[in-house]
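Q: The structure's right below; bear with me while I get my questions together.
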Amino acid sequence: LALARRRTSARLVLSVHGTDIDEMQTAAKRLAVRLSGAFGPRAEVVANSDFTRDLFLSRFDVPPGRVRAIALGVSEFWFGPRADRDAVRREHTLDPDALVMVTVGRITRRKGHLASLAALRLLPEPLRRRITWLIIGPDGEPDYVAELHAAVDSAGCDIRFLGSLPDADIRDVFGAADFFCLTGVPDQSGRAEGFGLAYLEAGACDLPSVAADIGGVNEAVISGRSGLLVEPEPAAIAH
């Protein structure tokens, strides 16, 4: 696209997410960006959060006036009708008194599933026994997935891996749950959540979130209004 721009007078508008910026930091990719003039004078950059905008500006020499943050939103689908709550709970054999928490996202290290699991272990046993945790999403790094599965047996509560589900099924599960939980952690590679669309999808289905305050998550979850923001460590998550 950057090279083709030289053949037209049109503007070039590029949208970037936090992960995109991180992945452009290898020497070869930075060279390609520079030689192609990807962020040249007629390029405008749209970031998905203030955090991502600031991250981009810290990594690339682009005038701030050509970089804007436009927060993401969700489609009307997520506000649409859901299946009957009790029927969905029966379908998933959820105890009527269970406190159901749900996580949606790729099972990858930076999503923080293990931090949530460690937090569950810190809860008083009577409360822990009432919790059912539904984990939705495809597998990520094999070693991390194996570590998570191995740790589940020691959690002392009902944890279920539902795999990838169609959006309609996820919307129904949201309607049957009590809260959404996604507690991302700082990644050793430096990656962080640039925003967090899953929190908005849950919120559209009336679910509050428990979320770790890292990256741009505090722009997706408004603390005290649409959820609780906590430090990305087990004791804070358990509290």
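Q: Testing ARG11 on (1) within 25 Å of GLU219 (Cα to Cα); (2) touching a strand residue (DSSP E or B) at 6+ places or on another chain (Cβ under 7 Å), one condition comes back false. Which one is that?
A: (1)
Q: Ok, one more. Quick check on region 64-79: of everything there that is among the hydrophobic types (A, V, I, L, M, F, W, C) and in a helix (DSSP H, G or I), which residue is surrounded by the fewest Cβ atoms within 10 Å (Cβ to Cβ)?
A: PHE77
Q: Given the criterion in a loop (DSSP other than H, G, I, E, B), within 30 Å of ARG5 (Cα to Cα) and free of Cβ contacts under 8 Å to residues at least 40 places away in the same chain, identify the matching residue among ASP97, ASP61.
A: Every option except ASP61 fails the conditions.
Q: Counting only residues that are small (Gly, Ala, Ser) and modelled with pLDDT under 95, which one in region 166-197 is nearest to PHE79 (Cα to Cα)?
A: Across region 166-197, the extreme among qualifying residues is GLY196.
Q: Still on this structure: Going through ARG82, ARG121 one at a time, which residue ends up being open to solvent by 40 Å² or more (accessible area, probe 1.4 Å), touching a residue at least 60 places away in the same chain (Cβ under 8 Å) and under 16 Å from PRO234 (Cα atoms)?
A: ARG121 is the lone residue from the list that is open to solvent by 40 Å² or more (accessible area, probe 1.4 Å), touching a residue at least 60 places away in the same chain (Cβ under 8 Å) and under 16 Å from PRO234 (Cα atoms).
Q: Additional query: Name the pairs: first residue in region 164-186 and touching a residue at least 12 places away in the same chain (Cβ under 8 Å) and among the polar types (S, T, N, Q), second residue part of a loop (DSSP other than H, G, I, E, B) and open to solvent by 10 Å² or more (accessible area, probe 1.4 Å), Cβ to Cβ under 6 Å, at least 6 apart or on different chains?
A: Matching pairs, first to second residue: SER164/PRO138.
The values are calculated or read from the model by the stated rules, or taken from the named source; none is laboratory data. Keep in mind it's a predicted model, so treat the numbers as computed, not measured. Reconstructed Cβ throughout: ideal geometry from the backbone, glycine too, with neighbour counts over all protein chains shown. Please note that ligands, DNA and RNA were not included when accessible areas were found on the heavy atoms of the full protein model with its side chains. Shrake-Rupley method; radii C 1.70, N 1.55, O 1.52, S 1.80 Å.
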